[in-house]
Structures are given as structure tokens and as C-alpha cells.
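Shown next, in C-alpha cells, is the structure this report addresses.
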Amino acid sequence: MDLLERYEGVAGKEVVEHLRQLSMPLQGKRVVHVNSTREGGGVAELLAKIVPMMNALGIDTSWEVIRGSQSFFECTKGFHNSLQGNRVIISQKAIDEYERINRENANELKKTLEEADFVFIHDPQPAALIKHFPNRKGKWIWRCHIDCSRPYRPVWKYLKEIVSGFDASIFSTAQFVQSLPHPQYIIAPSIDPLSEKNMELPSEEIESVKKRFGIRDDIPMILQVSRYDRFKDPVGVIEAYRLARRIVPLQLVLAGGGATDDPEGDTVLKEVRQAANDDPDIHILVLPPDAHRTINALQRAADIVLQKSIKEGFGLTVTEAMWKSKPVIGGDTGGIRLQVIDHYTGFRVRTPEGAALRIRYLLHAEEKRREMGERAKRFVRENFLLTRHLREYLSLMIAIFHELKDRVDLSLMNCSN
Ligand code: UDP
């Protein structure tokens, strides 16, 4: 069975047939995706699935990862934090390093990028590559995965000038759209239901993962899976756990790992350990980047999944949990709002107190928990599977190829696949 046929079983034969039809005008076109890490974080997770699928559809697609220095990644993490609203002062020295690394990578990738019909540049790290391709023939698209609903203006002013050179940009929700001199597309990310992260697992495997980490069977378990990043608010999750635990017995699992383009992980992990204060019912796990089955098992083992982010571009961890029929208590922000429909697929919260209230409620109301979980899974099936995401990418490429102007909203929210 080829890669595409495998999706017929999950998404439906006609959905896959539709993808084949849409890809016809794009046969043989060259597409290059560029980002800054091969593993860790949502962008790498997405590209690992999108790239093979595009190739299976007859589109010649590759994935390039730029190389950078420690100070380059400190600068780009500063960009990330400031696009998500923090006041971050970026020095001229840091900007010079950002531009130098992009220049170096542009030289290395010269041939590949010059020959491409479409170049997708993910996030700010490789955005300045575009400066080195003044005579490019292909279409260049900036794909922003960050919650930039309220960027810190001085930093955005600098990045906006670079991004303005692209032919189009993509954001995950309408709230992130900026004033830019080119068409902006709204495309939500997706999960791959057949991947190790999301496939069904035998119950013995789930049990053995619980045992490996000393997770108890006799009390409920709540879980947050995230890089150790302050925007994910792991310390707020610990506070919520403590408040809820005054009323109901409970254990908390925080599962995370690093991404090579995120230099702040160790510092945040220390803060989390300090906040946990050796509580034996808080399990802080640092997992390798390929621990997909382990994360899958933890998500399936959890009674409730939290994603208490303060800012969130989309939150694949939310989608992953919902696909496993878990109600999610998510921060009322960014891409989480697309997924957690309050009181329907989960609850949206703003504070640890709010999260604690919802944890207690859901743990007491087993039937409600089950109903919400079922709706959550259906919602993902209808809106956030890889097949829908690909359909939108293909439509976008066709639209850009035909130079359609203005804003095009390709999201088919609430429409059945
Ligand atoms: N993830 C992982 N290991 C970890 C932490 C996260 O594999 O230790 C995965 C997680 O399952 C999800 C992605 O990384 O697929 C994180 O994507 P999300 O959009 O939630 O957040 P980002 O890290 O991109 O801000």
C-alpha cells in the first residue's frame, strides 16, 4: 500500500482522491521548505509529515535546515519572544549575527533555492535568506507559526521589512494577520493520525510507560507535554495542580524536551524543578526528541491534558491530546482557541485558579469527560488532520501560481472532510 492509500482508511477515499486531483497542476514542481531544527517543537513535527506526503503526490519536495551559532539562536529566540509580545531589546550585534548566519546559509543553499518553484520559509530564523535571492524565479512564502497577535513593535518593524519581500505569508489564525504588502493566507496546522505520536497503542505499552516513570494507578493523572518554555506556563500548571489537589487526589506529569533552536530550555527546566519542590506526585520528564511513542502513551494514559500556554501559535500538543479523546484545559490564547471550544471540546482558562476549578470539575464528572473527549476527537477529524492541511497547501500553491491577489481564507473550519 502506498503512503497515500494508507490515509484513505482514516480520512476517506474521496479526500485522498481530491488531493491527487489538486496536485495535478503541480506535478514535477520543485518545493523547498526551510526551517531551523530537524527535531523538537511543532514545526519539525509538521515538516516530517508534510514533506513525504507532498513527494507522494508527485511534487518534488525537500526540507532544508539552516545551521546557526549559539548567539544566532539567542537572537532568534529573542525574535520569537518579542513576536509573542515580550519587550525584548535586540542589540545591533545580535542583528549582525542573524544576518551573517543567513548570508552563510544562503550561500550553501544557493542552487537549491534558486531552482525551486516554491520556497516555504518557516518562522523568523531563516527569513533573511530572501535578501540574497534578488533575482529569484520561484515564489517565496513566509510561514509564521508564532502567536504574533500583539508583537513588540520595534522588533516587528525590523522583521516586517524582511517579510515584506516575500510573495505571500501564512498565519495559523486570523488574529495573527499583520499589515503586509502581499496576500496573507490563514492555514491551521495538523497532526498525522498514522504517525507514532498519534497511532493507536496496545494497552500493555501504555501500562509499561506508566510503570517506567513511576506513575501511580490509584489516583488520576493530569499531563502537559511541552518544550520547557515560559510561554507554555509549566509553573502555572504546577500551581493549578496544587490547588486542585487540595480537594482531589492527583498526580501531574510534565513531559518535555529541548529543541536545538531553543536555547532557554535548561533555565526554564530549573525553574520548573524548583517549583515542584520534590513533590513525589509531580513527574518532570525530560525526553529525547524521538520519544514519540512515549508521548503518545502518556497522552493516552492521562485523564485530562493541560496546555496552559500564555501565548500559543497553534499547539499541536492540544490536537494530539484531543485526537486521543481527551478533554483539554487550554490557555485562552492564540491557536488554542481554534481547538478548545469552551465547554464543548474542553475548557479555556486564564489563571491557575481557573485551571484548578476545571480539573476538579472534570475529575468529578466522568460522563462529561467522556463526552467532551469524544467531541474533541471528532473535531480533530473534521478540522486538523494532515489531509486537510495538505489540501490547503496545494490550493495555496495553485493560487499563488496564478497570482491571485488579496486575502484568501482557505480554512474550512467546521466543514466535514
Ligand atoms: N514534543 C515532543 N517532545 C517533547 C515536547 C514536545 O515530541 O518533549 C512535540 C509535541 O508532541 C508536539 C510538538 O513537539 O508535536 C510541539 O508542538 P506545539 O505546537 O505544541 O508547540 P511548539 O513547541 O511548536 O511551540
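For region 314-372, the set of residues classified as part of a loop (DSSP other than H, G, I, E, B) and surrounded by fewer than 17 Cβ atoms within 10 Å (Cβ to Cβ) consists of Ile341, His343, Tyr344, Arg350, Thr351, Ala365, listed by residue number. For region 85-106, does any single residue satisfy the condition of being within 16 Å of the ligand (Cβ to nearest atom), crowded, with 19+ Cβ neighbours inside 10 Å, at pLDDT 95 or above and not aliphatic (A, V, I, L, M)? No, every residue in region 85-106 fails to be within 16 Å of the ligand (Cβ to nearest atom), crowded, with 19+ Cβ neighbours inside 10 Å, at pLDDT 95 or above and not aliphatic (A, V, I, L, M).
Scoring Pro263 on the criteria (1) part of a helix (DSSP H, G or I); (2) more than 23 Å from Ile219 (Cβ to Cβ) leaves a single failure, condition (1).
Quick one: in region 53-66, of everything that is out of contact with any strand residue (DSSP E or B) (no Cβ under 8 Å at 6 or more places or on another chain) and in contact (Cβ under 8 Å) with a residue 40 or more places away in the chain, which residue is nearest to Ala259 (Cα to Cα)? Here the residue is Met53. Determine if region 11-24 includes at least one residue that is touching a residue at least 24 places away in the same chain (Cβ under 8 Å) and either within 16 Å of the ligand (Cβ to nearest atom) or not in a helix (DSSP H, G or I) (or both). Among the residues of region 11-24, at least one is touching a residue at least 24 places away in the same chain (Cβ under 8 Å) and either within 16 Å of the ligand (Cβ to nearest atom) or not in a helix (DSSP H, G or I) (or both), which makes the answer yes. Just one of (1) touching a helix residue (DSSP H, G or I) at 6+ places or on another chain (Cβ under 7 Å); (2) surrounded by 22 or more Cβ atoms within 10 Å (Cβ to Cβ) fails for Phe231. It is (1). In region 197-218, is there at least one residue being closer than 22 Å to His80 by Cα and touching a residue at least 40 places away in the same chain (Cβ under 8 Å)? For region 197-218, residues closer than 22 Å to His80 by Cα and touching a residue at least 40 places away in the same chain (Cβ under 8 Å): absent. Applying the criterion of being without any contact (Cβ under 8 Å) to a residue 60 or more places away in the chain and within 16 Å of the ligand (Cβ to nearest atom) to the residues of region 246-266, the residue that is farthest from the chain's Cα centre (by Cα) is Leu252. Gly41 passes every criterion in (1) in contact with a strand residue (DSSP E or B) (Cβ under 7 Å, 6 or more places away or on another chain); (2) within 16 Å of the ligand (Cβ to nearest atom) apart from (1). Residue-level check: of (1) touching a strand residue (DSSP E or B) at 6+ places or on another chain (Cβ under 8 Å); (2) within 16 Å of the ligand (Cβ to nearest atom); (3) of a type in the set (A, V, I, L, M, F, W, C), Leu194 misses just (1).
Matching residues to (1) closer than 26 Å to Pro124 by Cβ; (2) within 14 Å of the ligand (Cβ to nearest atom); (3) part of a helix (DSSP H, G or I):
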residue	(1), (2), (3)
Lys270	no, no, yes
Ala275	no, no, yes
Leu285	no, yes, no
Asn296	no, yes, yes
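I'd like the full set of residues that are part of a helix (DSSP H, G or I) and either modelled with pLDDT under 95 or in contact with an Asp or Glu (Cβ under 7 Å, 6 or more places away or on another chain) (or both), limited to region 232-260. Passing the criteria: Val235, Leu243.
Considering only region 129-184, state which residues are small (Gly, Ala, Ser), closer than 27 Å to Thr61 by Cα and either in contact with a Cys (Cβ under 8 Å, 6 or more places away or on another chain) or touching a residue at least 24 places away in the same chain (Cβ under 8 Å) (or both). Of everything in region 129-184, those that are small (Gly, Ala, Ser), closer than 27 Å to Thr61 by Cα and either in contact with a Cys (Cβ under 8 Å, 6 or more places away or on another chain) or touching a residue at least 24 places away in the same chain (Cβ under 8 Å) (or both) turn out to be Gly138, Gly165, Ala168, Ser169, Ser172. Tell me whether region 48-59 contains one or more residues that are surrounded by fewer than 16 Cβ atoms within 10 Å (Cβ to Cβ) and on the phi > 0 side of the Ramachandran plot. There is at least one residue in region 48-59 that is surrounded by fewer than 16 Cβ atoms within 10 Å (Cβ to Cβ) and on the phi > 0 side of the Ramachandran plot.
The values are calculated or read from the model by the stated rules, or taken from the named source; none is laboratory data. Fair warning: this is a prediction, and the values are worked out from it, not measured in the lab. Quick reminder, even Gly has a Cβ in these numbers, built from the backbone with ideal geometry, and neighbours come from all protein chains shown.
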